[in-house]
1. Against the condition at pLDDT below 85 and surrounded by 10 or more Cβ atoms within 10 Å (Cβ to Cβ), how does residue 81 come out, does it pass?
2. What tally of residues in segment 28-55 results from selecting those that are surrounded by 12 or more Cβ atoms within 10 Å (Cβ to Cβ), over 23 Å from residue 13 (Cα atoms) and at pLDDT 90 or above?
3. Of these, 23, 31, 46, 42, which one is out of contact with any helix residue (DSSP H, G or I) (no Cβ under 8 Å at 6 or more places or on another chain) and on the phi > 0 side of the Ramachandran plot?
């Protein structure tokens, strides 16, 4: 790999790392559920095809929504005690 191309790859990786960090900080400070999705097949383990990538994104979103719903129920139950 040429030095210029390597520098570009390193810059892209650093940019992506900063986005992930910003997402983690935002989720922590707002109490939001953080879900990392993939835009492409192979972006997450077990997502080598478009079908699997989309299915995995849906699974991750459903899991996050169920977690939020569960947390809200727990909070409502503890508030009512």
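1. Details: at pLDDT below 85: yes; surrounded by 10 or more Cβ atoms within 10 Å (Cβ to Cβ): no.
No; evaluated as a whole, the condition is false for this residue.
2. 3
3. Details: 23 fails: on the phi > 0 side of the Ramachandran plot; 46 fails: out of contact with any helix residue (DSSP H, G or I) (no Cβ under 8 Å at 6 or more places or on another chain); 42 fails: out of contact with any helix residue (DSSP H, G or I) (no Cβ under 8 Å at 6 or more places or on another chain).
Sole residue among the options that is out of contact with any helix residue (DSSP H, G or I) (no Cβ under 8 Å at 6 or more places or on another chain) and on the phi > 0 side of the Ramachandran plot: 31.
The values are calculated or read from the model by the stated rules, or taken from the named source; none is laboratory data. Bear in mind the structure is a predicted one, so any value in this text is a computation, not a measurement. Cβ sites come from the backbone with ideal geometry, for glycine too, and all protein chains shown count toward neighbours.
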